[in-house]
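**Student:** To start, I am sharing the structure in question, which I have written as structure tokens.
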Amino acid sequence: MPPLTVFSCGIGPLHPSPALLGKLAEAQSLYASAALLKECPPCNARRIPIGRNAREQAREALEEARQGGNVVVLASGDALFHGMGGTLQSLACDKDRLEFIPAPTAFQALFHRLGMPWDRARCFSAHSTEDIPWGDILAQPLPVLYGGHPFTACRLAGEAIQFHPPAAQRSAVAAECLGTPGERILKGTLAELAREECAPTSMLLLLPDERSGAAPILPLGLTADFYEKENNLITAEEVRAVILSKLRLPAWGVLWDVGAGSGSIGLEAAALRPGLSVYGLERQESRLELIRRNCRKLGCVNYACMQGEAPEALAALPAPDRVFLGGGGAALESILQACFDALNPGGLLVASAVTTESEHLLYGWNAAARTGMFSLDIASESPIAGTYHHLRHGNRITLFTYSRA
């Protein structure tokens, strides 16, 4: 059975290689965009244009290959970078045979046009998505974003400034239609590029920025004023920082934030660890939109919040590697048990207590799994008697940590 062959076509017009011509001569079906089909040399293969239903067409191509058909797929750009190759790979089973033929990518072409080493570059895509991880992007010394519709390179420059205004004077490059007669490369600050217009087939490269005060800060223990919150209820920033340290956040995996509130703890975890999937569970539906706005402000795309009552709603979430539980009320013990039972082996659970009742319950619960108990008594500077200041104590917080073998 021949493999399903996927050709990445790189930048510019299609230049059929001997390998592609040989595959086309044997192909029974050819899947490609309308533009690539138009540029493709004559062959006897059935031609199927890839459109908006690309995922269904990927299934069709795989099924045809499973039946012994000789199938060729042409993908613009790099098939395995947010392309048709990735879609095919996600749908393939172990018995499917896929062969990928590479071509120079637009990212490579841009850095070679500029004569710039790109071993420190981080590549992102804003093609056909509004979930752009600005927090992660702007923290990189050399990020490059592949644009599209509606986020062209010039519009991305404006979005970057909106997310982090000090970035306005950061030097950048916008490149459009590389490898075609319409190729254009613009250099300037983000503010200058944001005033330009460019085609959807474009990229934005942000250059290293050494200006004092221009770098985004670490999203750890952000001030309470940063977040939208209900009735001024939010975990104190110093407590937040300690909780996140006790969670020992892994580079990837799943974190549950049970009783999300304003979302501050889960959102900072997501911003600190872009590879971690964070799920916030909040009982009050009115707080969900507030949490989503805080999420957009932090630029996290690895955070999802849902409304539900613990412990029942926890069954809908993927098994966690870390759990933070704040509060719990009368159902605290059953929620604790459900969270602990769901933990993957080696997972950690951190729970906080403000009331004497919850502290007593947490101290007595599952002592064999408890790995620590910590009391936080935070005092902050506060004015007193007009011209004087003193340290004003907040509510004492007790943290308990548990580990599942």
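The values are calculated or read from the model by the stated rules, or taken from the named source; none is laboratory data. Please read all numbers here as calculations on a predicted model, not as lab measurements. FYI the Cβ positions are ideal-geometry reconstructions off the backbone, even for glycines, and counts take in every protein chain you see.
**Student:** Just one of Thr355, Thr371 is of a type in the set (Val, Ile, Thr) and within 19 Å of Ile234 (Cα to Cα); which is it?
**Tutor:** On the way: Thr371 fails: within 19 Å of Ile234 (Cα to Cα).
Just a single option satisfies the conditions, and that option is Thr355.
**Student:** Okay, next question. Need the failing condition index for Leu244 against (1) assigned by TED's automatic domain parsing to the domain that holds Thr398; (2) surrounded by fewer than 15 Cβ atoms within 10 Å (Cβ to Cβ); (3) of a type in the set (A, V, I, L, M); (4) closer than 23 Å to Phe374 by Cβ, just the number.
**Tutor:** (2)
**Student:** Take the residues in region 340-356 that are under 16 Å from Ala368 (Cα atoms) and not small (Gly, Ala, Ser); name whichever of them is surrounded by the most Cβ atoms within 10 Å (Cβ to Cβ).
**Tutor:** Restricting attention to region 340-356, the residues satisfying the condition of being under 16 Å from Ala368 (Cα atoms) are 340-341, 343, 345-351.
Still in the list and also not small (Gly, Ala, Ser): 340-341, 343, 345, 348-350.
Working: Phe340: 19, Asp341: 11, Leu343: 22, Pro345: 8, Leu348: 21, Leu349: 26, Val350: 24.
Ranking the qualifying residues of region 340-356, first place goes to Leu349.
**Student:** Something else: What number of residues within region 109-125 satisfy the criterion of being in a helix (DSSP H, G or I) and surrounded by 16 or more Cβ atoms within 10 Å (Cβ to Cβ)?
**Tutor:** Here the count works out to 3.
**Student:** Kindly provide the set of residues from region 1-37 that are in a helix (DSSP H, G or I), among the small types (Gly, Ala, Ser) and closer than 20 Å to His82 by Cα, ordered by number.
**Tutor:** Kept after step one, since they are in a helix (DSSP H, G or I), are these residues of region 1-37: 18-26, 34-37.
Then drop every residue that is not among the small types (Gly, Ala, Ser), which leaves 19, 22, 25, 34-35.
Residues satisfying the conditions are Ala34, Ala35.
**Student:** Which residue, of Arg283, Arg273, Arg296, is free of Cβ contacts under 8 Å to residues at least 40 places away in the same chain, among the basic types (Lys, Arg), closer than 22 Å to Glu159 by Cβ and in the same structural domain as Ser358 (by TED's automatic domain parsing)?
**Tutor:** Working: Arg283 fails: closer than 22 Å to Glu159 by Cβ; Arg273 fails: closer than 22 Å to Glu159 by Cβ.
Exactly one of Arg283, Arg273, Arg296 is free of Cβ contacts under 8 Å to residues at least 40 places away in the same chain, among the basic types (Lys, Arg), closer than 22 Å to Glu159 by Cβ and in the same structural domain as Ser358 (by TED's automatic domain parsing), namely Arg296.
**Student:** Determine, yes or no, whether Ala172 is touching a strand residue (DSSP E or B) at 6+ places or on another chain (Cβ under 6 Å), farther than 30 Å from Arg52 by Cβ and outside the structural domain of Val72 (by TED's automatic domain parsing). Break it down into steps so the answer makes sense when it comes.
**Tutor:** On the way: touching a strand residue (DSSP E or B) at 6+ places or on another chain (Cβ under 6 Å): yes; farther than 30 Å from Arg52 by Cβ: yes; outside the structural domain of Val72 (by TED's automatic domain parsing): yes.
Answer is yes for this residue.
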